[in-house]
Amino acid sequence: MNEEETSAKFTDIIEFKPELIQVIHDTETSKLIIDDLYLPILKALRKGPMTVKEIEKEYNKIANYPKSDKTLYRYLKTLQDANLVKTAGQRVILGKTATEKLFSRTAYAFHLVNEQIDFWQTSDGIKLTKTLGTILQPLIPNKKVNIEKLGQFIEKLSSERINMLEQMFSSSDPSLIEGISNYNWQRFTLFYNLGGLFGLLLTDPNKVTDLTKCFE
């Protein structure tokens, strides 16, 4: 991709297009996204590719404490190493030979998957599964929940939900991109979880039957 955005004083050459949604599995990257030092950069870049000077201006508005461009370069390097930010292209200043790097988020929205892959097989996962089984039990009278089967069902459902969302959000509809990029974490997580669940139910009605099989 090579896209040019021109103003009266400069031309931006954009060579990178962010994903709609990036799923974050590892703990260290998740910590960076919610860290007060790095989060203002990710918030600033919601507006699109920026130079360090532009990021510095937005950062100081959001964070309310100044950071030099030297410090922000260091923060950007950390975010690049974590694959949360990429060099998106360059800004060509009209009448000058020098160019400035443009930085971009790697995705319009990040979703943090905090649970371990095998969470539902751990002691905490089993406790939570038992609680869910107790809550669901009155809906299926005369049957008893099989905790092991319910845990396996939830684990499989979680994995399939992520795959479903990646399919659903493969569209590049500008209105969808704009909406997602403006969501806060809490609103996005709710949207993400419901969207994935509804997608699975619409494409596989047998999911309800599979759930009832966890009760014997």
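Scanning the range 132-169 for residues that are of a type in the set (Val, Ile, Thr) and surrounded by 13 or more Cβ atoms within 10 Å (Cβ to Cβ) yields Ile140, Val145, Ile147, Ile154, Ile162. In the range 154-172, the count of residues that are within 30 Å of Gly48 (Cβ to Cβ), modelled with pLDDT under 80 and β-branched (Val, Ile, Thr) is one or more. Going by the conditions given, is Leu94 surrounded by 13 or more Cβ atoms within 10 Å (Cβ to Cβ) and hydrophobic (A, V, I, L, M, F, W, C)? Against the criterion (surrounded by 13 or more Cβ atoms within 10 Å (Cβ to Cβ) and hydrophobic (A, V, I, L, M, F, W, C)), Leu94 does not qualify. Cβ-Cβ under 7 Å, sequence separation 6+ or interchain: first residue in the range 128-155 and farther than 14 Å from Asp210 by Cβ and in the same structural domain as Leu200 (by TED's automatic domain parsing), partner acidic (Asp, Glu) and surrounded by 15 or more Cβ atoms within 10 Å (Cβ to Cβ). Which pairs? As it stands, the answer is none, since no pair meets every condition given.
Of the numbered criteria (1) loosely packed, with under 12 Cβ neighbours inside 10 Å; (2) aliphatic (A, V, I, L, M); (3) at pLDDT 95 or above, the one Ala82 fails is (1).
In the range 3-106, counting only helices (runs of 4 or more DSSP H) that sit wholly within it, the ones holding 2 or more residues that are polar (S, T, N, Q) and in contact (Cβ under 8 Å) with a residue 24 or more places away in the chain span 27-34.
The values are calculated or read from the model by the stated rules, or taken from the named source; none is laboratory data. As the structure is a computational prediction, the values presented were derived from the model and not from experiment. Cβ sites come from the backbone with ideal geometry, for glycine too, and all protein chains shown count toward neighbours.
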